[in-house]
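For reference, the structure discussed in these notes is given below.
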Amino acid sequence: MFEILNMALQNITRRALRNALTATGLAIFVIIFILVSSVTLTMQKSVTKSLSDLGGEIIIWNESSLVPFLGNIPENYTNSIEQIAYVKNVSPQITGISRVDTEDLRLTLGLNPSDIPVFYTYTMIEGAMITTNESKAVIGYLFADFLKKHVGDNVTIDGQTLPVVGIYRTDTWIDNVVIVPFEVAQNIFNLAGRTSVIMVTVTDPNKIDFVIDEVREELPDVSVFKSQEATARLTPLMNSITWVSYALFTIAGVACFFGITNVVTTGIFERTREIGILKALGAKGIDVMKMIIYESALLGTLGGILGCLVSLIPLLQGLLIPITSTTAMRISVFSEVFLYGLVLSIAISVLAALYPVWKAVRARPNEVLRFG
Amino acid sequence: MLEAINLSKTYEMGKISVPALQNINLRVEKGDFIAIQGPSGSGKTTLLNLLGALDTPTSGEVWIENVNITRMSEKNLSDIRCRRIGFVFQFYNLVPKMSALRNVELPMIFAKIPEKSRKEKAEKLLETVGLAHRLQHKPSELSAGEQQRVAMARALANDPAIVLMDEPTGNLDRENTKNIMKLIEELNKVHKQTFILTTHNPAIAKFAHKVSSLRDGRLLPTTKFG
């Protein structure tokens, strides 16, 4: 085995430039795979975390809207839900995209002040949390830092100016938003009698499924599910992101596959005579097959490792996905994505070699020595 | 040792059938040195390919050491080529990227000979053919005569019972031709291996113990020397 591997290695070094270019092509595929996968996974994990940061064990929303947590359902559904056994807390919450001061596309949360301590864990950095439905706002410390706001300043949300009464910290994405009383949010976002989502906690964690079934029976026109299933429920948004990723991998993978098939096939045709000599000297079909497959696998490994190393540089340096003009999400490093990238690179190379291998193994030595 | 019985080979070139060999009968004993002489296109290479398990006949049989190789699987034929037969080609057919030593090691790699013994044997064989000082040279760094010597050393690597040589001097000058033929004579004498060579040159054929002439795919009666 090592001898054949050694021969494969020598063959690779023999056509160094061509093989370096092939490995670079594979590396580019691996880079695309790792970066796109990392972005997708980061977004999925971030959305899941964001939704779990909203508090509650059950989420109820309007799944038919494009971005469900930005859709709306009747506020009075909370009354029906409160009647269900094992329900502990019911909180209507508004999640609205708005212009905050000079910043477009910022998320504003509308919460009943009494629900805030129930659904969120926070510490106040300045001032106090809102406790009434008066037109006041509290700002997450990261966003406050960015806007340079302090208690006593005003903040303008979609043209409505509110005094800032507190700066809070949760160590979640909510540190980047503004929280206003639920009724104020209804007014700002023209959602009188409506709510974006309803969050529910239960008295017994074992009864979550029971409560979900009851809500579904009671309110058939809404989507009800566990908070941890939120990512999967974020259709079509998350699905679109995932499918775009798959499409990118497939296009890059197919391009790589044909590129490598071309390189390997050309290489085999150029070496037809040499393969004939090896067979005339007693090489079995399996020996020739191993040699070519090893060559391809080595190329795949080389390209895969190169791609992993190059991808690691921007990720370790803190590659960011811009969310708005002022906020960005740092892309996480997922070790399994690197492993998959390497395996895919090797698999594409080996698959691409199958046709030329088949041709080489079938050739009779006298044919290639005669015509090769 | 080696026997061809009613061996025929016809090439199909589109709709035309070209008979290359017709009813060849040949018997070669252990230690024989036979030359098959004939002009270009007489079927010498085709015959050698059939005897050496590089090709399959249209009809007839080839027996090597009492084994009929005609209907063998490709895997078993590989074994025959690896262990029973040594080949020397007119154009040497050395692997260009490999050193002389590595080229001689090749058949032993396929025979799964351990590295140490393989290297020692390859060095010894190259020494036998007078190339002890050229072990690490690649084919492109060797003269035509030297390349053919490497090819001969390679053919002997697995101690084959039969060594087939297709116009081994066809591409060499007079001096190299003489040297190579002397070497073949000596190897045949020392190793007691069976040598079959093809040539178009009657002067080369005279080095052999027996000469069979091939004309238009048919073998003429054998002439014996010495």
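The values are calculated or read from the model by the stated rules, or taken from the named source; none is laboratory data. The structure displayed is predicted, hence computed values, not measured ones. Cβ atoms come from the backbone with ideal geometry, glycine included; neighbour counts cover every protein chain shown.
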Query raised in the report: All but one of (1) under 12 Å from the mean Cα position of the chain (by Cα); (2) not in a strand (DSSP E or B) hold for B:VAL163; which doesn't?
Result: (2)
Query raised in the report: Failed condition for A:PRO92, given (1) surrounded by fewer than 22 Cβ atoms within 10 Å (Cβ to Cβ); (2) at pLDDT 90 or above, with all others met?
Result: (1)
Report summary line: In the set B:GLU175, B:GLU141, B:GLU115, B:GLU167, the lone residue that is among the acidic types (Asp, Glu) and in contact with a His (Cβ under 9 Å, 6 or more places away or on another chain) is B:GLU167
**Report entry** Output for segment B:105-139, where each listed residue is of a type in the set (D, E, K, R), surrounded by 18 or more Cβ atoms within 10 Å (Cβ to Cβ) and more than 19 Å from B:LEU187 (Cα to Cα)
**Finding:** B:ARG118, B:ARG134
Report summary line: Over segment B:42-84, the set of residues among the small types (Gly, Ala, Ser), more than 13 Å from chain A (Cβ to nearest Cβ) and surrounded by fewer than 22 Cβ atoms within 10 Å (Cβ to Cβ) is B:SER59, B:GLY60
Query raised in the report: On the given criteria, is A:GLU63 modelled with pLDDT under 80 and part of a loop (DSSP other than H, G, I, E, B)?
Result: yes
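Table: residues versus (1) crowded, with 21+ Cβ neighbours inside 10 Å; (2) among the β-branched types (Val, Ile, Thr); (3) within 13 Å of chain A (Cβ to nearest Cβ).
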residue: B:GLY86; (1), (2), (3): yes, no, yes
residue: B:PHE89; (1), (2), (3): yes, no, yes
residue: B:ASN103; (1), (2), (3): yes, no, yes
residue: B:GLU141; (1), (2), (3): no, no, no
residue: B:ASN171; (1), (2), (3): no, no, no
residue: B:ILE180; (1), (2), (3): yes, yes, no
residue: B:GLU185; (1), (2), (3): no, no, no
Requested in this report: Determine which member of the set B:ARG71, B:ARG83 is within 21 Å of A:ALA283 (Cβ to Cβ) and not aromatic (Phe, Trp, Tyr).
Outcome: B:ARG83
Report summary line: Output for Cβ contacts, cut-off 6 Å, separation at least six or different chains, first residue farther than 18 Å from B:GLY31 by Cβ in segment B:198-210, second of a type in the set (Lys, Arg), reads B:THR198/B:LYS44
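Please note which helices (runs of 4 or more DSSP H) are completely contained in segment A:147-266 and include at least 2 residues that are modelled with pLDDT of 90 or more, in the same structural domain as A:GLN83 (by TED's automatic domain parsing) and over 30 Å from the mean Cα position of the chain (by Cα).
A:182-188, A:208-218
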**Report entry** Residue count for segment A:173-190, restricted to those that are more than 18 Å from A:ILE116 (Cβ to Cβ) and either surrounded by 19 or more Cβ atoms within 10 Å (Cβ to Cβ) or in contact with a Leu (Cβ under 6 Å, 6 or more places away or on another chain) (or both)
**Finding:** 1
**Report entry** Unique match (being under 15 Å from B:ALA100 (Cβ atoms), modelled with pLDDT of 85 or more and charged (D, E, K, R)) among B:GLU185, B:GLU146, B:GLU167
**Finding:** B:GLU146
Query raised in the report: Considering segment A:10-32 alone, what residues qualify as being more than 15 Å from A:SER349 (Cα to Cα), part of a helix (DSSP H, G or I) and within 14 Å of another protein chain (Cβ to nearest Cβ)?
Result: A:GLN10, A:ASN11, A:THR13, A:ARG14, A:ALA16
Query raised in the report: Since A:PRO117 meets every condition but one in (1) without any contact (Cβ under 8 Å) to a residue 24 or more places away in the chain; (2) in a strand (DSSP E or B), which condition does it not meet?
Result: (2)
Query raised in the report: Does B:ASN176 satisfy the condition of being at negative phi, away from every other protein chain (no Cβ under 11 Å), part of a loop (DSSP other than H, G, I, E, B) and surrounded by fewer than 23 Cβ atoms within 10 Å (Cβ to Cβ)?
Result: no
Requested in this report: With the checklist (1) crowded, with 16+ Cβ neighbours inside 10 Å; (2) in a loop (DSSP other than H, G, I, E, B); (3) within 14 Å of chain A (Cβ to nearest Cβ) in hand, flag the one item B:MET152 doesn't pass.
Outcome: (2)
Query raised in the report: Somewhere in segment A:271-283, is a residue of a type in the set (Ser, Thr, Tyr) and modelled with pLDDT of 90 or more?
Result: no
Query raised in the report: In this structure, does A:LEU109 turn out to be assigned by TED's automatic domain parsing to the domain that holds A:GLY71, touching a residue at least 12 places away in the same chain (Cβ under 8 Å), surrounded by fewer than 16 Cβ atoms within 10 Å (Cβ to Cβ) and of a type outside the set (Gly, Ala, Ser)?
Result: no
Report task. Identify the residue in segment A:254-282 that is more than 15 Å from A:LYS359 (Cβ to Cβ), of a type in the set (Gly, Ala, Ser) and buried (at least 17 other Cβ atoms within 10 Å of the Cβ) and, among all such residues, is farthest from the other protein chains (Cβ to nearest Cβ). Result -> A:GLY259
Requested in this report: Report whether or not A:LEU142 is at negative phi, without any contact (Cβ under 8 Å) to a residue 40 or more places away in the chain and touching a helix residue (DSSP H, G or I) at 6+ places or on another chain (Cβ under 6 Å).
Outcome: yes
Report summary line: For B:PRO96, the lone unmet condition from (1) crowded, with 17+ Cβ neighbours inside 10 Å; (2) in contact with a helix residue (DSSP H, G or I) (Cβ under 6 Å, 6 or more places away or on another chain); (3) at pLDDT below 90 is (1)
Query raised in the report: Within segment B:20-53, which residues are farther than 13 Å from B:LEU219 by Cα and either of a type in the set (Phe, Trp, Tyr) or in a loop (DSSP other than H, G, I, E, B) (or both)?
Result: B:GLU29, B:LYS30, B:GLY31, B:ASP32, B:PHE33, B:SER40, B:GLY41, B:GLY52, B:ALA53
